[in-house]
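J.: Sharing a structure with you now.
No lab work stands behind these numbers, since they all come straight from the coordinates. Fair warning: this is a prediction, and the values are worked out from it, not measured in the lab. All Cβ positions, even for glycine, are placed from backbone atoms using ideal geometry, and neighbour counts span all protein chains on display.
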Amino acid sequence: MSFLGKSLRTFPTITLGVALLGMSAGLVQAVPVGHQKTQKTARASDKWRATAVQYADAHWNWATWDDSTPRVKDGQAQPYFECAEFVARALAAGGLVPGLKPDDPQDSYYHYKAPNGKEYNLLLISDVIGYRSLYDFIMDYGLGADVGNDPAKAQPGDVVVIFNSNYSDKLHTGLVAQEVKGNADSTVDAHNNAHYRRTYEKFDADGYAHVIHIDPGVIKSQKPAVQPPSDPDLIRSHASHARPS
């Protein structure tokens, strides 16, 4: 609380009047009206990034969403806790999936009813007819914008999506853990296969990745028209694709 805030409660009326008159114009101008609120809002708006990355760093080697044992090694498969679910839970830890907590049952992510009235399968990153994926939720709900293959724009908590060679389907996803710092590449935490702070370059070994810059206030992007596979049995096989370690 500011000095002025305290003085309103504790100073006698006459003393308060003298105190206010004695304040210089320079002091008032140094802290414009609303400036402190803006700074606090900016700091609060970034807290979700740290929380999302904390979740990812703590769960990158979990074999299932609800049990930390046994833990897998870097590069090992996680067929029961795949890539989209891992990223969705990290975003939920940051408070960006309304109504969901990071430790909610898997079915809550499989049949997620968003505030926009649509149902999403947050275990899914690929395009499958009849299902809306994690990518669809981010775009529909205005949580992020696809900024293309530009790791320099990636910030902690952003999402990386890997496409196939002709960009007709999405194959894999991960969460940005660290932005570019000097000569150091940005890094990504991911599932299936398990990776901790893998460099963006290695995560995007084939060059088909896009950064999804997450910002709850951005205007939603136009989703490219894509004809997804039609077989419902492909849901699990498309939920994530194991990539070479």
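J.: Could you count how many residues in region 202-212 are surrounded by 21 or more Cβ atoms within 10 Å (Cβ to Cβ) and either assigned to a strand (DSSP E or B) or touching a Cys at 6+ places or on another chain (Cβ under 9 Å) (or both)?
T.: 3
J.: Take the residues in region 107-130 that are part of a loop (DSSP other than H, G, I, E, B) and free of Cβ contacts under 8 Å to residues at least 60 places away in the same chain, then tell me which one is surrounded by the most Cβ atoms within 10 Å (Cβ to Cβ).
T.: In this case the residue turns out to be LEU122.
J.: Which one is surrounded by the most Cβ atoms within 10 Å (Cβ to Cβ), of the residues in region 184-201 that are of a type in the set (Gly, Ala, Ser) and in contact (Cβ under 8 Å) with a residue 24 or more places away in the chain?
T.: Taking the candidates together, the pick is ALA190.
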